[in-house]
């Protein structure tokens, strides 16, 4: 992750719950106060000390990730296998807004992420019009020579757009070990734990290898990328992503389904170009496959089950466009 100057975000209020059960207000306030205390302490530490000399870790110290990115995409119509079809439109944004050095002998990074999926047709299963995940991705990294331990927590709203509120708050978190085997290659192994999600555990494992000054391989789960810096103006990448996210649902029509899991894999080719203003603009095209929609409860009307809980979707082509900027 690139080293960035510590910054403070504007004040905010959080209405929270854990999988539908409201968290005590005092605990929520303590969480917010603790977060701000870390941010203030981190800013002071960064200003006083800056990064200490330590072995280069390709996973933690590389500069291949953008400081921020905005993207939008479209996936062609897919058959819901017995329940009609739908195509989707997606919007997303990522912003690494702060990085703090030497906070209690560790580094802290803070990222704001939002991603929304719009179903352009509800098919015959009353799909939600739009689902969104809006969360803070916080990382704490302790380093000792070539070894490191990283904990991440992603508190936020994972929900049908019509059901935003305290009951849609989820708290996935992860722990991983990282080792720099050489200045150009590092490995990671860990686990993401996601209470109240259908898939409670997700592996995070693999390597990152800078094969050449212009070529970088991230061979990991759930995301892998082979990136090529063609020159100062052009970049290209081959990528793979496995995604599984749960969303709290609002009751719709005759269906009272509390939660939906959207799971898929996708692979594609990405090309970006540096503009005169210092921004990269790009396009990605590829295929989405192994897609499923799973409801926590079936659609039931008058004690008759109308819709399965697990519905497969056919493969489809997607295209997306993005703009980003590197530090």
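The values are calculated or read from the model by the stated rules, or taken from the named source; none is laboratory data. Nothing here was measured: the structure is a model prediction, and the numbers come from that model. Using ideal geometry, Cβ is built from the backbone for each residue, glycine included, and neighbour counts are taken over all protein chains shown.
Things worth noting here:
- Number of the exception - residue 127 against (1) more than 30 Å from residue 143 (Cβ to Cβ); (2) in contact (Cβ under 8 Å) with a residue 60 or more places away in the chain; (3) part of a strand (DSSP E or B): (3)
- Just one of the listed residues (198, 192) is part of a strand (DSSP E or B) and either under 15 Å from residue 258 (Cβ atoms) or within 15 Å of the chain's Cα centre (by Cα) (or both), and it is 192.
- Scanning segment 198-214 for residues that are surrounded by 14 or more Cβ atoms within 10 Å (Cβ to Cβ) and at pLDDT 90 or above yields 202, 203, 204, 205, 206, 207, 208, 209, 210.
- Segment 232-251 - residue that is outside any strand (DSSP E or B) and farther than 27 Å from residue 272 by Cα and, of those, nearest to the chain's Cα centre (by Cα): 249
- So residue 91, is it within 14 Å of the chain's Cα centre (by Cα), within 30 Å of residue 279 (Cβ to Cβ) and modelled with pLDDT of 85 or more: yes
- Which listed residue is at pLDDT below 90 and out of contact with any helix residue (DSSP H, G or I) (no Cβ under 6 Å at 6 or more places or on another chain), from 177, 123: 123
- The test for being in a loop (DSSP other than H, G, I, E, B), in contact with a strand residue (DSSP E or B) (Cβ under 9 Å, 6 or more places away or on another chain), in contact (Cβ under 8 Å) with a residue 60 or more places away in the chain and surrounded by fewer than 20 Cβ atoms within 10 Å (Cβ to Cβ) does not hold for residue 167.
- Residue satisfying all of: in segment 149-164; in a strand (DSSP E or B) and at pLDDT 95 or above; farthest from the chain's Cα centre (by Cα) among these: 149
- Selection of segment 104-115 for residues being crowded, with 21+ Cβ neighbours inside 10 Å and either over 19 Å from residue 57 (Cα atoms) or touching a helix residue (DSSP H, G or I) at 6+ places or on another chain (Cβ under 9 Å) (or both) yields 107, 108, 110.
- Condition check for residue 241 on (1) surrounded by fewer than 19 Cβ atoms within 10 Å (Cβ to Cβ); (2) modelled with pLDDT of 95 or more; (3) farther than 19 Å from residue 132 by Cα: one failure, at (3).
- In segment 253-280, the residue that is modelled with the highest pLDDT out of those that are in contact with a strand residue (DSSP E or B) (Cβ under 6 Å, 6 or more places away or on another chain), over 23 Å from residue 324 (Cβ atoms) and in a loop (DSSP other than H, G, I, E, B) is 257.
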